[in-house]
Each structure stands twice: as C-alpha cells, then as structure tokens.
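J.: One structure, pasted below without further comment.
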Amino acid sequence: MSSINITEKRSDVQDQYIELLKDLLYMRAGNKQPYGYVRTYGCQQNVSDSEKIKGMLEEMGCIITEEPEKADIIIFNTCAVREHAEDRVFGNVGALKALKREKPSLLIGLCGCMMEQEHIADRIYKSFPYVGLVFGTHVIHKFPELVYNAVTSGKRLVERGNDDGKIYEGLPVHRDGSFKGWLPVMYGCDNFCSYCIVPYVRGRERSRRPSAIIGEAEAMVKAGYKEITLLGQNVNSYGKGLDEKTDFAALLNDVANIDGDFWVRFMTSHPKDASEKLIDVIAENDKICNHLHLPFQCGSNRVLDKMNRRYTREKYLEIVNYAKRKIPDLSLTSDVIVGFPGETYEEFQETLDLIREVKFTSLFTFIYSPRVGTPAAKLDDPYTHEEKAKRMAELLKLQEGIAAERCAGMVGKTYRVLVEEQAREGVLNARTQNNIVVELNAPTELIGTFQYAEITEARNWILRGKIV
Ligand code: SAH
Ligand code: SF4
Ligand code: F3S
C-alpha cells in the first residue's frame, strides 16, 4: 500500500483567494456582509465536509445563515447512496430557480458525492442552468479558488479532482454544534460492497495522522465539547498506509484518555474488521460510549457473499456475543438492506432471525436501490418493489417490538445523559451513553450538560425520565 500524502496546512494559494474574496463578495452583496447557506444531504462524512465549507465561507467574510432566501452563496452538499437521496436533491435544486431570478448575483454551487458521478453531474449541468459551480468530494480544499473563478469568470464551472490519496489538513471548521462534534479520522472506502457507490465517489481509504486527530480532539475538549464522534466509512481499518504503526483501538483509547469530562463515539465499524481489542478498549474506558453501530446488512450467508461483505452470519454473531459479554450495558445498532437482487423470502427470514437474536436498540433500514456502476446493479432481480416494501413492513414491526421491550426494561433505572435539544415547549431530549433518547422536563439552560436521569416511563420506544 502506498503511503498517504498529507499536507500540514492549507496552501498559501487558497489563502490568497480568500483575501481577494473578502472584498469581492462584500461588493457583490451590495457593500454589506454576504451570507452563506450550506445544505447537507447524506451521512456524517458530508456533515463534516459541510462544516469545512462553512469554515471557508466564514473566512471569506460570509455570515452563515439557515435561511436560503438571505444567501449570496448557496451550496448543496449531496449524497448518492440511494436513489431517494438523489431525487430530493434534484427537487430542491429546482426550487432554487426563483431565488436566482430574484438575486442574479446569487452563486449556487453543488458538491458532494453525486457530483463525483459523471452522468449525474452532466444531468445537473444541463437541467439547471442557474447552477454556477459543480465540484466533487476531492477538491473541497480548493473551495476558495473555485468560488473566485466562478464569480469572476462569469462562466459555469465544473471541477472534479482525481483521488490522489491525499489528505488536506489545516482547513477551518465551522462546527454546527457547540457541545457535540464530528471528528473525521479517515476518508474513503476500499471495501466495494457490491451494492454501494461510496468507494467510487469517495475514493481510496486514507487515514489522518494520530497527532492531527488527537490535537483536534484536545482543542474540542478545551472548547467545551461534551461528545466527540470519530468518523470514517470503516473506522476499523484506520491506520492502513500510515508510516507509524497504529490501529483504531489504539486511537480510540488515546482520544478517550484526553483529560476532561466528555464522551467518545465512533462510526462506522465494519464487522469483518471489528476486533476483540476494540471491544476491550470500549469495555475498559468509561468515556467511550457503550454503543456499537455494526451494520450487518443481511442475515443470509449467500446474500452476504453476493454483497461482498466478507463475513458470515456466524462471524457477525461471534463478535456481537463477545461484545455483549464484555460490555453488559451495550447497545447495538445496525444498518439493514431489504431486497438485495435475488434475495428470497426465506433468506429475508434469516435477517429477521438475526434481528431476533441480537435485539438491536434501533435499526437503519433501507430497501435496496440500484446504483449505476456498481456490480449489484447488473444482477437480475425477480422481486417487485411492492414485495420488498411488504418485507420491510414485516421487519419494522419486529424491530418495534424489540425496541419497546428494551425501553420497558430501562424503567426505574438511572442513567447519565447528555441533554441535547428542546423537543417541544418545556420538554428536552437527552441521550444515554448507549444512544437512547430520554424526554425530560427541564429548563433549556441544561442543554449541553451531563445530568443523571431516572427513567419513569416507556411509551413504545420513547422514554420519559426525570433529573435526579
Ligand atoms: N460505511 C458504512 C455505511 C455507508 S452507507 C458501512 O459499511 O456500514 C450507509 C448504509 O446505506 C449502508 O450501511 C447500507 O445499509 C446502505 N446502503 C448503501 N448502499 C445502498 C444501496 N445501494 N441500496 C440500499 N441501501 C444502501
Ligand atoms: Fe459502502 Fe461497504 Fe464501504 Fe460501507 S464498507 S461505505 S457499505 S462499500
Ligand atoms: Fe452519501 Fe456520500 Fe455519505 S454517498 S452516505 S454522503 S459518503
């Protein structure tokens, strides 16, 4: 494996574009401070990228707004993982036409995973003439240059880099949350699950240096962050290609050992690489949340093989059972795909059996969506969408029962929770370490603090509690 090319800081060239843009964007906005709006689709990787784009917009002098009507620059950061995600983008970009008509100086840019697919980027370019800038996931570090060229050239711009195994450190981050934050540890994916577009749009796996990650985590803790989530498509292969020998379990342990009162989470783990060492680190360290998101996708070995997941149902259960033994309070969550091409009803039943056996806290469930360019998209698929939707309903019903049972079992116990947000007037949502939401009657001043909550009531999978 070739080593990873990591820059220490953002290039001076981009700094120069930022300087130029400060005046330029101010003038274009009618001699006032410009507004920037970024809308994010898809996974936390995109959320994290958007935080960098917002960071750069701020450096250009923009105020970050949640209202697209106010904006002078609008960026949509898109997701390609399923057709539904793409359809939403097409619909929402269509709706921007009116804004552009009202404010001709508005710059509309599209980036993210959809833009890495040439046929999609072409369709966008042709369908939406008011989109001035299209750029892919590999050129985010050049965002200042791209904005500058788009506004000064008067031409529409498309930029997509190739995946050159590089990591660009030193980009500014405008974090959306003030006490919960994302921290990418690696980019890309090498797994090529046969249904998945991510390896094609995100490029090869590459890990950040431990020192950069620890430095960022320390800064977050110092700034008052109470929860840090380490991010990667497959965090368990962290460290591959780095000069220094390390792995994810070691990194996780080092982050958790930073001084301060905070929690660490991570996602996503691939079952083929989930090690006992990782489970041991979670078990031994109080600051690492007792929660493991471990997508199994399907309970049938034949289908798992067709998915190119490279583990069996038995191997999956082995690591899950080890984790349950080591971490008694462990909460397991997972992703499941229903209706992979050719999956029979009997094979689907194996998925249900696995769900019954593991008893997940919650599941992210998806009906298979063919993605152009992936091997699975070429497979014959005799089952209709209607049949798949029926199976999905069966799965959801099963999971609702399991979740309700788990929640009922928590009543009367007391948990440490992080108070997160207002759910409605007088009611706040808090989250336990094992990732279960508890509703509390409490004042909004407690948002962003740790509290102890006694669970007083479980209504299906919603818990009510009181602060003790
Ligand atoms: N890297 C993570 C997941 C990334 S995508 C992992 O491997 O766990 C998030 C989830 O989307 C996947 O776990 C999978 O369940 C789902 N997914 C990906 N491609 C899909 C497709 N073509 N159709 C339906 N679901 C898909
Ligand atoms: Fe997609 Fe598989 Fe990579 Fe996850 S591990 S991003 S499902 S290819
Ligand atoms: Fe979507 Fe890209 Fe994430 S395809 S799921 S935003 S890596």
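J.: Would you list, by chain and number, the lysines whose Cα falls below 17 Å from the Cα of Lys240, excluding same-chain residues fewer than 8 positions away?
T.: Straight-distance partners of Lys240: Lys166, Lys272, Lys277.
J.: Let me ask something additional. Over segment 300-457, consider all pairs of different Cα atoms and compute the Kirkwood hydrodynamic radius from their mean reciprocal separation; express it in Å, one decimal.
T.: Computed over Cα pairs of segment 300-457, the Kirkwood hydrodynamic radius comes out at 18.1 Å.
J.: Using a 1.4 Å probe, what is the accessible area per residue for segment 5-166, in Å²?
T.: Counting only protein heavy atoms, the per-residue value for segment 5-166 is 44 Å².
J.: Counting DSSP beta bridges with both partners in the chain, what percentage is antiparallel, nearest 5?
T.: Bridges in the chain that DSSP calls antiparallel: roughly 35 percent.
J.: Next question, about the same structure. Find the Cα radius of gyration of the chain, compare it with 2.2 N^0.38 Å by division, and give the number to two decimals.
T.: After normalising by residue count via 2.2 N^0.38 Å, the value is 1.01.
J.: Given a cut-off of 30 Å, name the pairs among Lys306/Lys359; Lys180/Lys324; Lys52/Lys397; Lys70/Lys222; Lys226/Lys315 whose C-alpha atoms lie farther apart than that in the structure shown.
T.: From the list (Lys306/Lys359; Lys180/Lys324; Lys52/Lys397; Lys70/Lys222; Lys226/Lys315), the Cα-Cα distance tops 30 Å for Lys52/Lys397; Lys70/Lys222; Lys226/Lys315.
J.: Report, in degrees rounded to the nearest 10, the 0 to 90 angle that the Cα long axis of helix 44-59 makes with the longest principal axis of the chain.
T.: The answer is roughly 30 degrees.
J.: Tell me, what is the FRET efficiency for Asn92 and Glu244 to the nearest 0.05, using R0 = 45 angstrom and their Cβ-Cβ distance as r?
T.: Plugging the Cβ-Cβ distance into 1/(1 + (r/R0)^6) gives 0.55.
J.: Once you list every other residue whose beta carbon is under 9 Å from the beta carbon of Arg371, what net charge do they have if Lys and Arg are +1 and Asp and Glu are -1?
T.: That sum, taken over residues with Cβ under 9 Å, equals 0.
J.: Could you compute how much accessible surface Tyr322 exposes when probed at 1.4 Å, giving the result in Å² to the nearest 10?
T.: 30 Å²
J.: Suppose each label sits 7 Å from its Cα in the direction of the beta carbon; what would the Asp259-Lys155 distance come out to in nanometres?
T.: According to this spin-label approximation, the distance is 5.6 nm.
J.: Where does segment 177-269 land on the Kirkwood hydrodynamic radius, alpha-carbon pairs, in angstrom? Could the numbers behind the result be given before it?
T.: Values: mean 1/r = 0.0731 Å⁻¹.
Mean inverse Cα-Cα distance, inverted, gives 13.7 Å.
J.: Within the set of other residues whose C-beta is less than 10 Å from the C-beta of Phe179, count the net charge using Lys and Arg as +1 and Asp and Glu as -1.
T.: +1
J.: So how strong a dipole does segment 177-269 carry about its Cα centre when Lys and Arg Cβ are +1 and Asp and Glu Cβ are -1, to the nearest 20 debye?
T.: 300 debye
J.: How much length is gained if the chain between Phe364 and Glu454 is pulled fully straight, taking 0.36 nm per residue apart and subtracting their Cα-Cα distance, in nm to one decimal?
T.: Full-extension gain reported as 29.7 nm.
J.: Any chance you could run the full-extension gain for Gln349 through Thr65? It's 0.36 nm times the residue separation minus the Cα-Cα distance, nm to one decimal.
T.: Full extension of this stretch gives 97.5 nm more.
J.: Given a 1.4 Å probe and every protein chain left where it sits, what share in percent of the accessible area of the chain is carbon and sulfur?
T.: 49 percent
J.: Taking the Cβ of Gly342 as the center, what net charge do the other residues with Cβ under 10 Å away carry, scoring Lys and Arg +1 and Asp and Glu -1?
T.: Residues close to Gly342 contribute a combined charge of -2.
The values are calculated or read from the model by the stated rules, or taken from the named source; none is laboratory data. Note that the structure is predicted; figures quoted are calculated from it, not measured. Neighbour counts run over all protein chains shown; Cβ positions are idealised from the backbone, glycine included. Side chains are part of the model used for accessible areas, which takes the heavy atoms of the whole protein and leaves out ligands, DNA and RNA. Shrake-Rupley method; radii C 1.70, N 1.55, O 1.52, S 1.80 Å.
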